[in-house]
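Data block below; observations after.
The values are calculated or read from the model by the stated rules, or taken from the named source; none is laboratory data. It should be emphasised that the depicted structure is a prediction, and the values quoted were computed from it without experimental measurement. Cβ coordinates were reconstructed from backbone atoms using ideal geometry, including for glycine residues, and neighbour counts include every protein chain displayed.
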Amino acid sequence: MDWGLGNPNKTAALIVMLMIAVWGFAYTRKLGFWIALALFAGLGICLMHTFSRGGMVALGAGLVPLLWTAPRPWPRKRIVAISCAVWAIAGASIYLQAHNRLMQGIVKEDRSITHRIDIWEKTPQMIVDAPGGWGLGQSSKVYKEWYQPFDRNEEYLNLINSHLTWLVEISWGWRFLYLCGWLAVLCLCLPSGNFRWFSISFGIWLAFAVASIFTHVAESPWLWILPVASLLAVLVSRLRSRLWLPWAIWPGIAGVSFAVLLSIYWVGSSTRNLKIRAASNNEVIIGGNNAKVWIAVNASVMGERYGKTLRRYLEDSKGKVALGLVTKTQDLQNQNDGPFVIAGAANPEDLNILKAKTKLILLNPSFYPQEIDFSKSKSVTVYFGEFSQSPSVQAWQDQGVVHMVEGKGDFLANWPELVFSASHHE
């Protein structure tokens, strides 16, 4: 069941928030409790259809504030009715065999859980390595290239956690504000005095926060409607009643947020195996602070997993040279040191940049020597795969700067070895 959201975990998050929101009837109508309980049971059966373990955990978290603030003692008939609703949901789980799914990872290993843990273990380092953030929407690509274990090749759209995905992608300042924002919302929704119904908004936000831990559900704008609406209701009530939070709570929020980020920094710094730094202009520096060799990445020559290929080579060779990688040749325009590694084709703007560079390492270039004003004053090393289809092979061979790579074509799987070999001779 996904209700058109495209992901059962997102649907589960929505259902859980609705299961908490329906208890608003208990505060507004005479028979509201019975209306809420009927809706709660129906939605609970729908939740079982999603088979979402994260949704179940989120439901447990979201119900805590409701149970805590519920008026006591509970009438016997209500206890019986609630028990019947719970048994109806449990029966649906057994009928659908959802309980087997919910127990995976407890009685035996579940790869979806172990994969999540593998990713989450790397996020502190990913955060530390990018003070300015890796960029929105880039976390999965960055993980795949620079942090995924060598024996794993799974594809991910994100880090399977809304909070960690965004913390990796944004800068330290925004990370601080992000944590402060969540804490501030939860504090604003804390039940107070005669406003026990605030527990509904608190439960919705708590469930949303917990559901966002297990899957990147918060990327869906539809899931924000109910939490935001409940927060607005709380804010309106606070303004009308002049029920302000104590001023002392705001330094506390800032202090807790800072402590969390400090802990992340400590963990990320202490678990580094390879020094990686995300610099400005989409630059990634590997192995040191100042790059000695700059590489403009080309996936057709270096492969889609060029980062993993480079990491494996550095681990095997214990290479110590710091490398800088960019996704576009234009990003090399402001770099003066070299050599500069260029692979494959180059557009006219790229060629103008290469004309100003005196130290070049070219991998299967499809452009000609004269296009970059080649002369003996330039230090140029060119590698071609033995079976390369580049039209410029002969032109570069005539210049006497070509090294043929046996058994290779347009894709050079051993490109790090070639780059390091050439750079050591510069």
Quick check, is residue 160 more than 30 Å from residue 122 (Cβ to Cβ) and either surrounded by 16 or more Cβ atoms within 10 Å (Cβ to Cβ) or of a type in the set (Phe, Trp, Tyr) (or both)? no
If we keep only residues of the stretch 268-284 that are β-branched (Val, Ile, Thr) and surrounded by 13 or more Cβ atoms within 10 Å (Cβ to Cβ), then the residue farthest from residue 330 (Cα to Cα) is 276
Being of a type outside the set (A, V, I, L, M, F, W, C), farther than 23 Å from residue 421 by Cβ and surrounded by fewer than 21 Cβ atoms within 10 Å (Cβ to Cβ): is that true of residue 371 here? yes
Have a look at 192, 201 and point out the one that is crowded, with 21+ Cβ neighbours inside 10 Å, among the hydroxyl-bearing types (Ser, Thr, Tyr) and under 22 Å from residue 64 (Cα atoms). 201
So if I check each of 52, 93, which one is of a type in the set (Ser, Thr, Tyr), under 17 Å from residue 1 (Cβ atoms) and at pLDDT below 80? 93
So residue 38 clears everything in (1) among the aliphatic types (A, V, I, L, M); (2) farther than 13 Å from residue 214 by Cβ; (3) in contact with a Phe, Trp or Tyr (Cβ under 8 Å, 6 or more places away or on another chain); (4) surrounded by fewer than 24 Cβ atoms within 10 Å (Cβ to Cβ) except one condition, right? Which one? (3)
For the stretch 379-410, the count of residues that are within 24 Å of residue 324 (Cα to Cα) and surrounded by fewer than 17 Cβ atoms within 10 Å (Cβ to Cβ) equals 2
Selected residue [over 22 Å from residue 218 (Cβ atoms), not in a loop (DSSP other than H, G, I, E, B) and not acidic (Asp, Glu)] from 14, 47, 37, 63: 37
Residues to consider are 347, 364, 336, 298; find the one that is without any contact (Cβ under 8 Å) to a residue 40 or more places away in the chain and either under 21 Å from residue 411 (Cβ atoms) or under 27 Å from the mean Cα position of the chain (by Cα) (or both). 347
